[in-house]
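Enquirer: So that we are looking at the same thing, I have put the structure below in structure tokens.
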Amino acid sequence: MGFGFMRKKSVGADGKAVQHLTHEVAGRTLPLRIAENPRARRLTLRIRPGAQGLTVTTPVGVPMLEVERFLFRNRDWLEEKIGTIPDRPQVRPGIKVPIRGVNHEIVHEPGRGVTQAVRDADGAKLIVRGEHIHLPRRVADHLKKEAKAEIGALVEKHTKTIGRNAKSIRYKDTVSRWGSCSSEGNLSFSWRIMMAPRPVIDYLVAHEVAHLRHMNHGPKFWALCEELCPDTKRCKAWLKKNGSALQAIGFEKD
């Protein structure tokens, strides 16, 4: 397993030097972001979802040498964590993508038509029609469509239970969180959650709806979560363990 640290510099449009950082760990070269935070008291390290990069947060004025030493001290932890995250699989014909926790083989069929999830004697398939170049986007669009239908119904169910209404529901491809609830009552969800099993989808919706009443993660919040979703603990653990793999799936063009 390799471990290393590199800096690359280029010239931006304004003529000033732009520093690009990468970090070699567990046989991969990952983008490295150094973020200064005036409120930070120590250095912290985070692996971005899907192992798409690393972020080191530092107090203001920490020299780069100290960042390098910090990464070296954490090399064993990094190698262990990165080694468990699969390389970024790209959506294409022949690979399997989970939909509600069930792996579907992607099958491309030229010609016009809608994307369909089907099951036959050979298992579950996602039939994607249209030009090959648009296949990743069509798969993503299918997941977004499914998210709007299922999550919308779950939001309605859980908000009715707690007697609070959501102002709006938005669907994004976020990399830092699966969902959020603003103080104004706007709910946001990552449409990638449709790749998780149904109980996990329900948990995520229950989690964000519970924030309509409790804008924190205190005991009352978790009690409400478990009232809305009795499987809260198990589903929370599943998402923590498997979420990075779902975030790692690439929906860019080949």
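The values are calculated or read from the model by the stated rules, or taken from the named source; none is laboratory data. Just so we're clear, the structure is a prediction, and the values are computed from it rather than from any experiment. Counting neighbours? That spans all protein chains shown, and the Cβs are built from the backbone with ideal geometry, glycine included.
Enquirer: Condition check: under 17 Å from GLU227 (Cβ atoms), touching a residue at least 12 places away in the same chain (Cβ under 8 Å) and in contact with a Leu (Cβ under 8 Å, 6 or more places away or on another chain). Does ARG164 satisfy that?
Expert: Yes; evaluated as a whole, the condition is true for this residue.
Enquirer: Any residue in the stretch 171-188 that is among the aliphatic types (A, V, I, L, M), closer than 30 Å to GLN90 by Cα, touching a strand residue (DSSP E or B) at 6+ places or on another chain (Cβ under 8 Å) and not in a helix (DSSP H, G or I)?
Expert: Yes, the stretch 171-188 has at least one match.
Enquirer: Right, another one. Out of contact with any strand residue (DSSP E or B) (no Cβ under 7 Å at 6 or more places or on another chain) and outside the structural domain of TYR203 (by TED's automatic domain parsing): is that true of ARG119 in this structure?
Expert: The answer is yes for ARG119.
Enquirer: Which residues, taken from the stretch 54-90, are in a strand (DSSP E or B) and either under 30 Å from HIS108 (Cα atoms) or out of contact with any Leu (no Cβ under 6 Å at 6 or more places or on another chain) (or both)?
Expert: THR55, THR57, GLN90
Enquirer: Quick one: would you say GLU24 is in contact with a strand residue (DSSP E or B) (Cβ under 8 Å, 6 or more places away or on another chain), among the acidic types (Asp, Glu) and either assigned to a strand (DSSP E or B) or at pLDDT 75 or above (or both)?
Expert: yes
Enquirer: While we're on this one: Picking from LYS172, LYS157, which residue would you name as being surrounded by fewer than 17 Cβ atoms within 10 Å (Cβ to Cβ) and modelled with pLDDT under 95?
Expert: LYS172
Enquirer: So, one more: Among the hydrophobic types (A, V, I, L, M, F, W, C), surrounded by 13 or more Cβ atoms within 10 Å (Cβ to Cβ), within 25 Å of ALA248 (Cβ to Cβ) and in the same structural domain as ILE193 (by TED's automatic domain parsing), is that true of LEU143?
Expert: Spelling it out, LEU143 is indeed among the hydrophobic types (A, V, I, L, M, F, W, C), surrounded by 13 or more Cβ atoms within 10 Å (Cβ to Cβ), within 25 Å of ALA248 (Cβ to Cβ) and in the same structural domain as ILE193 (by TED's automatic domain parsing).
Enquirer: What number goes with the only condition from (1) in contact with a strand residue (DSSP E or B) (Cβ under 7 Å, 6 or more places away or on another chain); (2) more than 26 Å from ARG177 (Cα to Cα) that GLY61 does not pass?
Expert: Condition (1) is where GLY61 drops out.
Enquirer: Here are GLY179, GLY163: which of them is within 16 Å of the chain's Cα centre (by Cα) and either surrounded by 17 or more Cβ atoms within 10 Å (Cβ to Cβ) or not aromatic (Phe, Trp, Tyr) (or both)?
Expert: GLY179
Enquirer: Show the residue pairs meeting these rules: Cβ distance below 9 Å; 6+ apart or different chains; first residue within the stretch 112-131 and on the phi > 0 side of the Ramachandran plot; second residue part of a loop (DSSP other than H, G, I, E, B) and surrounded by 17 or more Cβ atoms within 10 Å (Cβ to Cβ).
Expert: That search, which allows pairs on different chains as well, returns GLY113/GLY130; GLY130/THR115.
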